[in-house]
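Note sheet for the following structure.
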Amino acid sequence: MTDQQIVEQINSSLAEEFEYELENMTPETTLFEEMGLDSLDVVDLVIVLETAFGMKIREEEAIRKIRTLGDIHSFVIAKKRQTENS
Amino acid sequence: MLLRRVVITGMGAVSPFGRGLDNLMEGFLEGRSGVSQVPELSGITGMRTRVAALASGVDPKEIPRKYRRSMSNMSVFATLACQDAARMAGLDESDLASGKLGVSIGSTIGSPQTMQEFFRDFNTDNSLERMKSTLFFHIMNHSCASNVAQTLGVTGRILAPSAACSTSCQAVGYAAEMIAMGKQELMLSGGADEFHPLTSGTFDIMNAASTAFNDSPTRTPRPFDRERDGIVCGEGSGILLLESLDSALGRGATILAEIIGFATNSDPDSIANPNPAAIADCMRQALVDARVQPSEVDYVNAHATATEQGDIAECEAISRIFGTGALVSSLKGHLGHAMAASGTLELAACVEMIRQGLLIPTLNLDNIDPLCSNVSHVQGITKHPVETVIKNNFALGGVNSSIILRRYE
C-alpha cells in the first residue's frame, strides 16, 4: 500500500465507524474536539485500525499520544513500514 | 390504594404498525395484522414457526451516534417511544433533567442479537480482541432504561423490572407506586423488546408457538379462537408517561387517563403453566387496590396470547370475577406478542379506547373456543362508553400482573 492508500483506508474506516463526513477529514482534524470522540470511541478506533490493517497496536505507547487524524496517519504508516521491513 | 393520584399525560409506541400512537390506533381500527413471514426462521433446524410481528417505521439514526452506539434495537425502540411520550406531555429538557422524573423500563433480557454477534465472533478463536467498548451496554439487563435516561438527560430514579411478558405492566405499576409515595413526580414507564429467533424458539420448544399458519401469517395468532395454535412473537416498545395528578394539574397538562390500581403476584404452581386461581387473585387484588367493584369494570384487556392453556385459564379467571359483565378482547391478534413491550402497547390502546369511547375486538377470533365462551367477547369495533378498564399480563416464571385504568374526570 502507498502512503496515500493507507491514509484513504484510515479515513474511510473511521468515517464509517464514527459517522463523520469524509470531506471534513484533514490531517489537522482533531479526534476529540472536532470528531467528538471520547475514551470509549478510542477503544473502538484501535479495533477498527487493527481490523483494517491486520496489526496489533493496542499496547503501543504511541497510541496514547494521538490527537489528530494526521497523528493516526503517521503512526499507521510507520507501523506498516516497520512490519514490512522486519 | 395509591397514596397520591397518578395520571397518564403522555404515550409513545413503536410497533409493527409503525411509530406513534396514531399509527398504532389506525392499525387496530382498520383491523390490520402486523404479522408476516420471517425467512430467517426457515433456516433454523427445529424451528417450526415461521412468522413474527416485526416493528416498522423506525429510523435509528434519529438518535445521535453518541447515544446510539450503546443501543441495540430494543433501546432504540424505547428511546424513540419515550421522546414521543415526553413531547406529547409537553415536557422540555429542563423537565426531563429536573430530578423529578424517573425511568421504569424493562425488557425480557439484554439484547439477544448483540449477545449472538459477540459469541459468534468470540467462539472463532476465544479472543476478546475484536470486542467493541459499547457491547456491554447492549446486553446489560437495564439497557433500555439507561439508554433512555442517557439520551433524554434524565437525572431521577432508574428502575428496570424484568418479568418477561409481565415486564411493562410491572414497570408501570411500580412507577405508579413510586409517584404515589411521593418519591418522583413523573415516570417514563413501560417496556421494550427486539425480535430474535431465540424468543420464538423458546415457545416453539414448549409447543406454544403458532406453526399452522406459516403460509397465511395474518391469520395468526388467534386468541380465544377454536383454531388457535400458539404465540406469534413480536417486538417494539410501549411507553406511558405517568405523573402525579398535582404535577399534571400544576403544569396544565392534558390528562389522558388515571391509573387507579395495580397488583402483581407469583404463581408457584408452575413456572410455565398459568393457574386460573392465581390469575383471579391478581385481578382481585388490583380491584381492591383501586377500590373498584367488578361490576364497575367495563372492559378487560386480556393477556390472551392464543395458547391452548393460557387463554382458557384467563377466561376462567375473568369469568370467576366478572361473569359476563365486562367485555373482553386481546390485542395479540393484531400485534403478536411483543413480550416486555406488550403490556404498555396494549395499555396505550386501552387509554385510547377510554378516550375515544370504543372497544377493539380480538383479531382472528372467528369461532370462539367453547372453553373460552364463558366471558363476553368484544364483537367488532364497538362504540361503548369506557370508564374503567383492567389490563392483564401473565409471564413465564409464574408472574401475574394487572393494572386498572379509569377515565379521568
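Rounded to the nearest 20 Debye, what is the dipole magnitude of the protein assembly as shown about its Cα centre when Lys and Arg each give +1 and Asp and Glu each give -1 at the C-beta? Before the final figure, lay out the partial values.
Details: 40 positive and 62 negative charges, 172 e Å.
It works out to roughly 820 debye.
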### Message
Students often forget the sequence filter, so: which lysines lie under 24 Å Cα-Cα from B:K183 once same-chain residues fewer than 8 apart are removed?
### Response
B:K100
### Task
Calculate the tail of P(r) for the stretch B:127-201: the fraction of all Cα-Cα distances greater than 20 Å, expressed in %.
42
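Could you work out the Kirkwood radius for the protein assembly as shown, taking every pair of different alpha carbons, averaging 1/r and inverting it, reported in Å?
After inverting the pairwise mean of 1/r, the radius is 23.9 Å.
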### Query
Taking +1 at the Cβ of each Lys and Arg and -1 at the Cβ of each Asp and Glu, which of B:Y174, B:A253, B:A208 sits farthest along the dipole of the stretch B:161-306 towards its positive end, judged by Cα position relative to the Cα centre?
B:A253
### Task
Mind jotting down the distance between the C-alpha centroids of the stretch B:211-240 and the stretch B:79-106, whole Å?
32
### Task
Starting from the exponent 0.38 and prefactor 2.2 Å, build the expected Rg for the stretch B:227-332 from its residue count and divide its actual Cα Rg by it.
1.26
### Summary
Square roots of five times the C-alpha gyration tensor eigenvalues of the stretch B:16-95, ordered largest first and given in whole Å, equal 29, 19, 8
### Query
How high is the relative contact order of the stretch B:120-215, in percent, with contacts defined as C-alpha pairs under 8 Å that are six or more residues apart?
15
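Of A:M35, B:M140, how do they rank once you tally other Cβ atoms within 10 Å and put the fewest first? Before the final figure, lay out the partial values.
Numbers: A:M35 19, B:M140 16.
Going from sparsest to densest Cβ surroundings: B:M140, A:M35.
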### Message
If neighbour count is taken as other Cβ atoms inside 10 Å, put B:T108, B:T45, B:T155 in order from fewest to most.
### Response
B:T45, B:T155, B:T108
### Ordering of B:279-291, B:92-104 by packing [mean C-beta count within 10 Å, highest first]
B:279-291, B:92-104
### Query
Given the pairs B:K332/B:K383; B:K66/B:K132; B:K61/B:K332, which are separated by over 23 angstrom at their Cα positions?
B:K61/B:K332
### Query
Going toward the positive end of the dipole of chain B, with +1 on Lys and Arg Cβ and -1 on Asp and Glu Cβ, which of B:T79, B:P385, B:N367 do you reach last?
B:T79
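To make sure I understand, if each residue's beta carbon is the centre and we count other beta carbons within 10 Å, what order do B:V148, B:V292, B:V154 fall in, fewest to most? Could the numbers behind the result be given before it?
Working: B:V148 29, B:V292 18, B:V154 25.
Going from least to most buried by this count: B:V292, B:V154, B:V148.
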### Summary
Each residue of B:181-192 has, on average, a number of other protein chain C-beta atoms within 10 Å of its C-beta equal to 0
### Value in Å of the Kirkwood radius, where chain B supplies the Cα pairs that are averaged
20.8
### Message
So if a site counts as exposed when it's one of the trypsin sites (Lys or Arg not before Pro), its DSSP state isn't H, G, I, E or B, and it has at most 16 other Cβ atoms within 10 Å, what's the longest stretch of chain A without one?
### Response
A:1-55
### Task
Treating the angle as unsigned and between 0 and 90°, give the value, to the nearest 10°, between the Cα long axis of helix A:69-85 and the longest Cα principal axis of chain A.
10
### Message
Please list 3J(HN,Hα) in residue order for the stretch B:376-388, calculated via the Karplus relation 6.51 cos²θ - 1.76 cosθ + 1.60 where θ = phi - 60°; whole Hz, with x for glycine and proline.
### Response
9, 7, 5, 10, x, 4, 10, 5, 7, x, 10, 9, 10
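Values in this text are rule-based calculations from the coordinates and carry no lab data. Just so it is clear, the model here is predicted, and its values are computed rather than measured. Ideal geometry is used to build each Cβ from the backbone, glycine not excepted, and the neighbour counts take in all protein chains shown.
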